[in-house]
Amino acid sequence: MNKFKEDFVWGVAASSYQIEGAAEQDGRSDSVWDMFCREPGKIKDSSDGRIACDHYNRYQDDVRMIADLNVKAYRLSTAWPRIIPDGYGKVNEKGLAFYDKLVDELLAAGVTPWITLYHWDMPTCLFDQGGWLNPASSDWFADYARVVTERLSDRVTNWFTLNEPQVFLGLGHQVGEHAPGLQLPFEKVLLASHNSLLAHGKAVQVMRAVAKQPLKIGAAPVGVVNFPTSDDPALVEAARKSTFSVSGVNCFSNTWYADPMLKGEYPEDGLELFEHYLPKFGADDMKQICQPLDMYAANIYAGTPLEFNDKGEVVTAESSLLGCGRTTMDWNVTPDCLYWGPKFLYERYGLPIVVTENGLASCDWVHVNGEVDDAGRVDYVQRHLRALRQAAADGTDVAGYFYWSIMDNFEWGFGYQQRFGMVHVDYHTQKRTPKRSAYWYRDVINSNGEIL
Ligand code: GCO
């Protein structure tokens, strides 16, 4: 098989805080990311998302740009502080109307919108009330999910609740490198984590209840991938085991989030490892958290290659990383992660896999001839899509792929220094210049992956 299946979803992604700008327009309130960016020294280039790509005011041109690249689907996130500025209660009609217009514009251009409800921009007023540590946080989120679903579910069928809980909890609540910038004792991190899982579960229930049509719902966690460097069945099993293990007192695992959502239980090894930190959980919390989902979304950028050492222990295959390609984020280029990651996740959870993020930051600028020749991005995406296509050929149910990101944008703690886009953005003029990879991706889409 050298193509993807007929209805394979070819997409690109972005998120509200990273591209919208218009921070104070039309009644939007402050988010924890605005708050975090004001703290000196938190963002590498001292920037923030107040203007970003000004997508809020340029969305019509941006939609046309996406459609011109023949991209079929666009994963966007809605901004909670735009829609419910006080966090709960009164809806800001102007904020909600923006997404209404954006959805209509996308549909008119032949691009299917996929919506993520939480890509980290919690209203600051909720943080002031404890944020994810407040036992009411799951109800706040479910209510926000209800408002957005009531308004958009007549036209939008594909939804995600939380984006990368591992990151907003790990980097945001334990390490302090992301908003809200906390370094909490691990017990509190686990509490925030549990409340966000409850938020997911309650949101799914309310969304199904108010939806105008049957929805496809998932979450979009980080896909942690440890993959084998050979087909040796013992190594494959060791890699699978390690991919699904909880191995440190931190948030970076698949199972601490996905097992509760899909199996209705925390993983045994995590419960053991976190024994001394576990908060008291409610008796029927797992029933709330574990709701039927329609797809498994995963954000996968890289993985860790494994091998057996002389003693028969499974270890990182350092030799295979020798001289390995690296992105400007300093991430390894390991295309096999998009073969093994989706395969392992599909085998464990049995849901169609959607790669909701994959991509790289590279050293891109507009050349004297007016073009941006990002050969590295073309190669990165080609290699990863080949691996994904092979996974599909070998039986993994792969439903779609979303390149991160449609355009260069505010890369969190790195500010504007890291460029992930297939479209270059000049932050002085807001001029968009599709890079070589964008035109190449269009050709890949037109051939449904055959030219890979
Ligand atoms: C994430 C977020 C994105 C990032 C991207 C590159 O995965 O961290 O979902 O918002 O910009 O992943 O780091």
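Tabulated values for the structure
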read-out	value
Percent RCO, i.e. relative contact order, over the chain, from Cα pairs under 8 Å lying at least 6 residues apart	18
Residue exposure sequence - C37, C324, C251 - by fewest surrounding Cβ within 10 Å	C324, C37, C251
All-pairs alpha carbon distance profile, the range 304-402, 10 Å steps from 0, percent	14, 36, 32, 14, 3, 0
Spin-label pair R436/E268, simplified geometry with 7 Å Cα→Cβ offset, distance in nm	5.2
Förster radius 30 Å - calculated FRET efficiency between D86 and K44, Cβ distance, rounded to 0.05	0.40
Euclidean distance between Cα centres, the range 383-441 to the range 272-304, Å	28
Helix-only mean residue ellipticity at 222 nm for the chain, each DSSP H run of n ≥ 4 adding -39500 (n - 2.57), per residue, nearest 500	-11500 deg cm²/dmol
Among W331, L191, G359 the positive-end extreme of the charge dipole of the chain (Cβ point charges)	G359
For the range 258-320: rounded, prolate or oblate by the Cα gyration tensor [a/c cutoff 1.5]	oblate
Extension gain, H276 back to C324 (0.36 nm per residue minus Cα-Cα distance, nm)	13.4 nm
Net charge of Cβ neighbours under 11 Å - reference T327; Lys, Arg +1; Asp, Glu -1	+2
Close Lys-Lys pairs in the range 1-124, where close means Cα under 22 Å and separation is 8 or more or interchain	4
I51/R155 FRET efficiency (R0 41 Å; Cβ-Cβ; nearest 0.05)	0.90
Dipole in debye (nearest 20) - the range 113-203, about Cα centre, beta carbon charges: Lys, Arg +1; Asp, Glu -1	160
The chain shape via C-alpha gyration tensor axes, a/c threshold 1.5	rounded
Average projection area in nm² (convex hull over Cα atoms of the range 75-173, one quarter of hull surface)	6.2
Label-point gap, in nm, between A283 and E187 - each point 7 angstrom along Cα→Cβ	2.4
Calculated FRET value between A108 and D310, using beta carbons and R₀ = 41 Å, to 0.05	0.10
Burial ranking of peptide ranges 285-293, 315-323, 380-388 (average Cβ count within 10 Å, highest at the top)	380-388, 285-293, 315-323
Total formal charge among the other residues, if their Cβ is under 13 angstrom from that of T78, Lys/Arg +1 and Asp/Glu -1	+2
Tensor-based shape of the range 1-136 (alpha-carbon gyration tensor, a/c under 1.5 rounded, otherwise prolate or oblate)	prolate
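Here, each number is a calculation from the coordinates, and none is a lab measurement. These numbers were taken from a predicted model, which means no experiment stands behind them. Backbone-built Cβ (ideal geometry, glycine too); neighbour counts: all protein chains shown.
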